[in-house]
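Report on the following structure.
The values are calculated or read from the model by the stated rules, or taken from the named source; none is laboratory data. Since this is a predicted model, take the numbers as computed values, not measurements. Virtual Cβ from ideal backbone geometry, glycine too; neighbours counted across all protein chains shown.
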Amino acid sequence: MNRSSISSSERIARPAVFTAGFCAIAAVLAVTEVALRIPAVQNAMPIRTHLHEPGVVVRLQTLERLKRQSGRIDALFVGSSIVRCNIRPTLFDEVVRRQTGAAVVSFNAGMSGLWPPAVRLYAERLWIPEARPRVVMQGIRYGELVASPRARKYDEIVTSPVESAWEDTGPAAWLRATAYNQLHLLQYRGIWPAWLKRFERGRAAAPEDDELRIFTDPRGWTPRLPTLPVNRARNLLREETPNPVLDPSRSANAFEAIRQTIHAAQRSGATYVLINVPEHAFRWSSADGAARYATYLRALRRLADEQGVRFVDVTDGDPYRFSQDAEFADYHHMSPEGATHFTTLLAARLAQEPFHN
Amino acid sequence: MLFNTPEYFFFFATVLLVYFALSFRAQNRWLLATSYLFYASWDWRFLSLLLLSTVIDYTAGLAIQRAREREQPRVMRAALIVSLSAQLGILGFFKYFNFFAESAAGVVHALGFRASVPVLNVILPVGISFYTFQTMSYTIDIYRGQFLPTRNFTDFALSVAFFPHLVAGPIQRARSLIVQIERPRVVSEDYWSRGFTLIMIGLIRKVAIADPAGALVDAYFGNPAQYSSIPLACGLCLYGLQIYNDFAGYSEIARGSANLLGFDLMRNFRHPYFARNISEFWTRWHISLSTWLRDYLYIPLGGNRHGVPRTCANLMTTMLLGGLWHGASWNFVAWGGLHGTYLTAYHLWRARRAHRALEPPTWASRFLSAAVVYGLVTFSWLFFRSHDWPTTLAYLAGLVAFTPGSEGALVPVAALWAMTLAIDLPQAIADDECTLAAWSMPRRAAFVAAGLVAILFSGNVGHEPFIYFQF
């Protein structure tokens, strides 16, 4: 623009012109927003990114679809990836139906990389309010009683656009979370650079491990393969060790988080059940492995008694009950065969729970 | 406070609201106060440096003019020398001290002597390269008699610190900005329209093109040995797109912000990758710096007035110093040297063809010339982007290995080029960077909405600083 344009322009800004401009832009954005709500468009788009990780988004969509189809969720499994991979809700429902004749609808809301405080956060703020189940079942294993460096960082979770409002109750956080929750236009941030990045090495990259993990069956179960012998042959498990001694002081946070999950379930009117998810016998192969396992189970049972909730252990205190390599993908995630075995045992123990009023 | 953050737009909206409620003189004081606040948001400690620089050149400008009126040329020269020495001294100390100390130590060490290098832990003040060049142009112009100094300190201080151009330019000539500061501004409909258009285009360039390109570039330059030749070549193309859209985007947001305040800042880019020769490239790329170097370095050195060898030497000197201006690193010097070589070769080639009758260029020849220039410029980015010589050499080795495959790496280049062309082509065809403002309302709304969606889908808004902030 040259200097002459200042003097030559006599017109002062007219609000009507800008109002019309903004309205036109808003109209185009509104059309886009509507288009993004159409299921066919949504299916063609990448997974939305407004929640901390795509796995949550996919699971939430799956849960909403199930609610639309069945009208209710009776049982909700919460926990980490050991819940997600090791419990098959469709099989669980089938076993319960066979034993009691009751038609139960259960959903697996296990998510990768969560330890109890993050499980509590998602259970309390997302899964229980969304599913409104009769029974909440939380799966846990020994290794989750202390924070793992491989777990998702709690601080990172609560800085995500939606999750931030779960901890920060200020109006700014609420406004941001509401905007991200309600506006689909805001729910795809980062998909453009992520798409470009797939071509970094010159070809559309194969799905990464995380991408494989987020897909579920219609009930939230994610089968895990290949089996342990294959992974072992690929030398992927060489750093795995038997479970170490648990430092009680470092597990206090986990127990407190489980207590809070229990309270959240009870506040919603649901029955809570604590489940020991078995690990491969290798985890207890150290000299004092059996004693360590007994101590761990005692601690869980004490917690359940203290809170007046049921504790289920399908191993009956035997650390070596799950020792078949073919039933595992690694030493704690089960293969579909292991998930079938464990879910069948679990359903048999839980069949009498009040899934219906 | 980055231009691509919500904080900046909140700050700017506040500035605007108060600005329009004030009288003309109060507007200038308000802009000065908010400009200092803007600068302090980066690092308040360097405000004193900015003030020192301002006071020195304000005083020098008045001293030069007073000496001119009293016909004291030696005093004039002395005042100019004091001003330039102070500005270059500040720049040299904060930006180049460690570089020259380490380089000198390297030479001494290579000669077989032992030397301990006094390395200082100096932080580079943001925008120092830009505002020192601008204030130097002020005193030089006064010395040359092209401009009368302003007696109003607030006006001069605002011309230096005016926040839209403070941290990364455009390196506005003081005379063009002070003239605007001294007069009441009228923010016409044109200005509003252009201001919003430029800010919008700038944001699209930065968030939807430059930052996604940067993510790939970082991977390629982070470990070039991991990639075959095609991805590495694509990495250079992507860096070319990143730096262009990043800096052009910054300049457009700066100019758009200035427009909304009733000011004009000079255009900094004019579709540089459409240039058909390397000389033309430099009339389209970072125009405020290249014209500064031309007016205050190349022409005073003699320009092209003293024969071909001297012209070539002047070109090379200018480009080497231009490279060094970007950063205290031999990589930048090499980049400047490469461009100096290009310009020298072009100058010699043109001199040999001067006697031939020129045929009007065909579309094919225009495209071919532009492609050659683009290739040369893109290659030169290798030296600009690498932070050290081992990376440069590793990248170069991977590039010339001509390992086949991985053609898919061209996809991001094509996608980001298409987005760049979607902005540049209409501007170039209309020869108006705000051609969007002249479009029909539905077409304009569709473009802006598409741009907003691209920004929203890119995410990461405000996380990546502008590349030129480091200079």
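Residue-wise test of (1) modelled with pLDDT of 90 or more; (2) within 27 Å of B:THR150 (Cβ to Cβ); (3) not assigned by TED's automatic domain parsing to the domain that holds B:ASN331.
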residue: B:GLY61; (1), (2), (3): yes, yes, yes
residue: B:MET76; (1), (2), (3): yes, yes, yes
residue: B:ALA79; (1), (2), (3): yes, yes, yes
residue: B:ILE90; (1), (2), (3): no, yes, yes
residue: B:ALA104; (1), (2), (3): no, no, yes
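Suppose we keep only residues that are farther than 30 Å from B:ILE128 by Cβ and surrounded by fewer than 22 Cβ atoms within 10 Å (Cβ to Cβ) within segment B:193-216. Which one would you say is farthest from the chain's Cα centre (by Cα)?
B:SER193
Of the numbered conditions (1) surrounded by 23 or more Cβ atoms within 10 Å (Cβ to Cβ); (2) away from every other protein chain (no Cβ under 14 Å); (3) closer than 30 Å to B:ARG205 by Cα, A:MET111 satisfies every one except a single condition; which is it?
A:MET111 satisfies every listed condition except (3).
If you check B:ALA79, B:ALA21, which single one turns out to be more than 21 Å from B:GLY256 (Cβ to Cβ) and in a helix (DSSP H, G or I)? Can you show your working first?
Numbers: B:ALA21 fails: in a helix (DSSP H, G or I).
Testing whether each residue is more than 21 Å from B:GLY256 (Cβ to Cβ) and in a helix (DSSP H, G or I) leaves just B:ALA79.
Which is over 14 Å from A:TYR142 (Cα atoms), in contact with a His (Cβ under 8 Å, 6 or more places away or on another chain) and of a type in the set (D, E, K, R), of A:GLU327, A:GLU337, A:GLU353? Break it down into steps so the answer makes sense when it comes.
Details: A:GLU337 fails: in contact with a His (Cβ under 8 Å, 6 or more places away or on another chain); A:GLU353 fails: in contact with a His (Cβ under 8 Å, 6 or more places away or on another chain).
That would be A:GLU327, the only listed residue that is over 14 Å from A:TYR142 (Cα atoms), in contact with a His (Cβ under 8 Å, 6 or more places away or on another chain) and of a type in the set (D, E, K, R).
Go through segment A:34-61 and give me each residue that's assigned to a helix (DSSP H, G or I) and either among the polar types (S, T, N, Q) or buried (at least 16 other Cβ atoms within 10 Å of the Cβ) (or both). Spell out how you get there, then give the answer.
Within segment A:34-61, the subset assigned to a helix (DSSP H, G or I) is A:34-36, A:39-44, A:54-61.
Matches in segment A:34-61: A:LEU36, A:GLN42, A:ASN43, A:PRO54, A:GLY55, A:VAL56, A:VAL57, A:VAL58, A:ARG59, A:LEU60, A:GLN61.
Starting from segment A:102-128, keep only residues that are more than 15 Å from A:ALA254 (Cβ to Cβ), then list their pairs with residues that are part of a helix (DSSP H, G or I) and of a type in the set (Phe, Trp, Tyr) whose Cβ atoms are within a distance under 6 Å, requiring at least 6 positions of separation or different chains.
A:SER106/A:PHE92; A:ALA109/A:TRP127; A:ARG125/A:TRP166
Name every residue in segment A:49-77 that is among the hydrophobic types (A, V, I, L, M, F, W, C) and closer than 24 Å to A:TYR180 by Cα, in order of residue number. Let's see the steps before the verdict.
Within segment A:49-77, the subset among the hydrophobic types (A, V, I, L, M, F, W, C) is A:51, A:56-58, A:60, A:63, A:66, A:73, A:75-77.
Across segment A:49-77, the qualifying residues are A:LEU51, A:VAL56, A:VAL57, A:VAL58, A:LEU60, A:LEU63, A:LEU66.
Answer with yes or no whether A:ARG68 is more than 19 Å from the chain's Cα centre (by Cα), in the same structural domain as A:ALA265 (by TED's automatic domain parsing) and part of a helix (DSSP H, G or I). Talk me through it step by step, then tell me what you get.
Details: more than 19 Å from the chain's Cα centre (by Cα): yes; in the same structural domain as A:ALA265 (by TED's automatic domain parsing): yes; part of a helix (DSSP H, G or I): yes.
The answer is yes for A:ARG68.
Each row is one residue, and each column tells you yes or no for (1) farther than 24 Å from B:VAL187 by Cβ; (2) free of Cβ contacts under 8 Å to residues at least 60 places away in the same chain; (3) in a helix (DSSP H, G or I); (4) not charged (D, E, K, R).
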| site | (1), (2), (3), (4) |
| --- | --- |
| B:PHE12 | no, no, yes, yes |
| B:ALA26 | no, yes, yes, yes |
| B:ALA33 | no, yes, yes, yes |
| B:ASP57 | yes, no, yes, no |
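Could you say whether any residue in segment A:153-164 is modelled with pLDDT under 95, surrounded by fewer than 20 Cβ atoms within 10 Å (Cβ to Cβ) and touching a Pro at 6+ places or on another chain (Cβ under 9 Å)?
Scanning segment A:153-164 turns up at least one residue that is modelled with pLDDT under 95, surrounded by fewer than 20 Cβ atoms within 10 Å (Cβ to Cβ) and touching a Pro at 6+ places or on another chain (Cβ under 9 Å).
Would you be able to tell me the number of residues in segment A:320-334 that are touching a residue at least 40 places away in the same chain (Cβ under 8 Å) and in a loop (DSSP other than H, G, I, E, B)?
Qualifying residue count, segment A:320-334: 8.
Among the listed residues B:ALA248, B:ALA213, B:ALA233, B:ALA225, identify the single one that is over 27 Å from B:THR403 (Cα atoms), touching a residue at least 12 places away in the same chain (Cβ under 8 Å) and in the same structural domain as B:PRO390 (by TED's automatic domain parsing).
On the way: B:ALA213 fails: over 27 Å from B:THR403 (Cα atoms); B:ALA233 fails: over 27 Å from B:THR403 (Cα atoms); B:ALA225 fails: over 27 Å from B:THR403 (Cα atoms).
Step by step, each of B:ALA248, B:ALA213, B:ALA233, B:ALA225 is checked, and only B:ALA248 is over 27 Å from B:THR403 (Cα atoms), touching a residue at least 12 places away in the same chain (Cβ under 8 Å) and in the same structural domain as B:PRO390 (by TED's automatic domain parsing).
Would you mind stating whether B:TYR131 is crowded, with 24+ Cβ neighbours inside 10 Å, of a type in the set (Ser, Thr, Tyr) and in the same structural domain as B:GLN27 (by TED's automatic domain parsing)? Give the steps one after another, and end with the answer.
On the way: crowded, with 24+ Cβ neighbours inside 10 Å: yes; of a type in the set (Ser, Thr, Tyr): yes; in the same structural domain as B:GLN27 (by TED's automatic domain parsing): yes.
Here the answer is yes, as B:TYR131 does meet what is asked.
Only one of (1) in a loop (DSSP other than H, G, I, E, B); (2) within 14 Å of another protein chain (Cβ to nearest Cβ); (3) among the polar types (S, T, N, Q); (4) in contact (Cβ under 8 Å) with a residue 12 or more places away in the chain fails for A:GLN187. Which number is that?
(1)
Looking only at helices (runs of 4 or more DSSP H) that fall completely inside segment B:363-467, which ones have 1 or more residues that are away from chain A (no Cβ under 12 Å) and touching a residue at least 12 places away in the same chain (Cβ under 8 Å)?
Working: elements: B:363-385, B:389-400, B:410-430, B:441-458.
Answer list for segment B:363-467: B:363-385, B:389-400, B:410-430.
Within segment B:155-165, identify whether any single residue is among the β-branched types (Val, Ile, Thr), within 30 Å of B:ARG77 (Cα to Cα) and not assigned by TED's automatic domain parsing to the domain that holds B:PRO300, and answer yes or no. Reasoning before the result, please.
Step one: list which residues in segment B:155-165 are among the β-branched types (Val, Ile, Thr), which gives B:160.
Going one step further and asking which of them are within 30 Å of B:ARG77 (Cα to Cα), we end up with B:160.
Still in the list and also not assigned by TED's automatic domain parsing to the domain that holds B:PRO300: B:160.
Yes; the residues of segment B:155-165 include at least one that is among the β-branched types (Val, Ile, Thr), within 30 Å of B:ARG77 (Cα to Cα) and not assigned by TED's automatic domain parsing to the domain that holds B:PRO300.
Of the residues in segment A:238-296, how many are buried (at least 21 other Cβ atoms within 10 Å of the Cβ), of a type in the set (S, T, N, Q), modelled with pLDDT of 95 or more and in a loop (DSSP other than H, G, I, E, B)?
Qualifying residue count, segment A:238-296: 0.
Can you name every residue in segment B:151-177 that is more than 17 Å from B:ASN268 (Cα to Cα) and touching a residue at least 40 places away in the same chain (Cβ under 8 Å)?
B:ARG151, B:PHE153, B:THR154, B:ASP155, B:PHE156, B:ALA157, B:LEU158, B:VAL160, B:ALA161
Checking the structure you have, find out if any residue of segment B:261-275 is of a type in the set (A, V, I, L, M), assigned to a helix (DSSP H, G or I) and more than 26 Å from B:ALA40 (Cα to Cα). Spell out the reasoning first.
Taking segment B:261-275 and keeping what is of a type in the set (A, V, I, L, M), we get B:261, B:265-266, B:275.
If we keep only those that are assigned to a helix (DSSP H, G or I) too, we end up with none.
No, every residue in segment B:261-275 fails to be of a type in the set (A, V, I, L, M), assigned to a helix (DSSP H, G or I) and more than 26 Å from B:ALA40 (Cα to Cα).
Can you pull out the residues in segment B:124-139 that are among the β-branched types (Val, Ile, Thr) and in contact with an Asp or Glu (Cβ under 8 Å, 6 or more places away or on another chain)?
Restricting attention to segment B:124-139, the residues satisfying the condition of being among the β-branched types (Val, Ile, Thr) are B:126, B:128, B:132, B:135, B:139.
Result: B:VAL126, B:THR135, B:THR139.
Which one is surrounded by the most Cβ atoms within 10 Å (Cβ to Cβ) among residues in segment A:300-357 that are more than 18 Å from A:LEU274 (Cα to Cα) and of a type in the set (Asp, Glu)?
A:GLU327
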